[in-house]
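Quick notes on the structure that follows.
The values are calculated or read from the model by the stated rules, or taken from the named source; none is laboratory data. As the structure is a computational prediction, the values presented were derived from the model and not from experiment. Cβ: placed from backbone, ideal geometry, glycine included. Neighbour counts: every protein chain shown.
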Amino acid sequence: MGSRLGEEPRRVVLWPLYFDARRSREEGRRVPKHLAVEGPSAEEVARAARAAGYQVEVDLEARHPSTWFEGRGRVFVLTDEPKTAVIRKVAVKLRQLRSSRVSS
């Protein structure tokens, strides 16, 4: 993974709503619509992160502060890359996993 000078691997939090096509950017989506999927679960995000080559830890009990009424969990990714790069790589894998699941 693209190590930046002096950077130690750290845990980055990925919330499923970052990848949810039903959400606007204002509501917390962090990826372009063409990379988003409808209603991703924490397990799906974790599977996509593993497929992208990251070490993953899942917390199914966590609730995002802006959507505390939805218990969708969160995913921790160990990385030394910028969070935006991690989110984009995971979004691409999530999209691929969804499309292969639909076509199977």
Review point. Taking segment 6-18, which residues are in contact with a His (Cβ under 8 Å, 6 or more places away or on another chain) and either outside any helix (DSSP H, G or I) or exposed (fewer than 14 other Cβ atoms within 10 Å of the Cβ) (or both)?
Key: W15
Review point. Residues in segment 88-104 that are surrounded by fewer than 18 Cβ atoms within 10 Å (Cβ to Cβ) and closer than 15 Å to W15 by Cα: how many?
Key: 1
Practice item. Specify the residue that is surrounded by the fewest Cβ atoms within 10 Å (Cβ to Cβ); the eligible residues are those in segment 49-71 that are of a type in the set (A, V, I, L, M) and under 14 Å from V13 (Cα atoms). Key: L60
Exercise for review: Look through A21, A46 and report the one residue that is of a type in the set (G, A, S), in contact (Cβ under 8 Å) with a residue 24 or more places away in the chain and surrounded by 11 or more Cβ atoms within 10 Å (Cβ to Cβ).
Suggested key: A46
Exercise for review: For segment 45-104, enumerate the residues that are part of a helix (DSSP H, G or I), of a type in the set (S, T, Y) and at pLDDT below 95.
Suggested key: S66, T67, S99, S100, S103
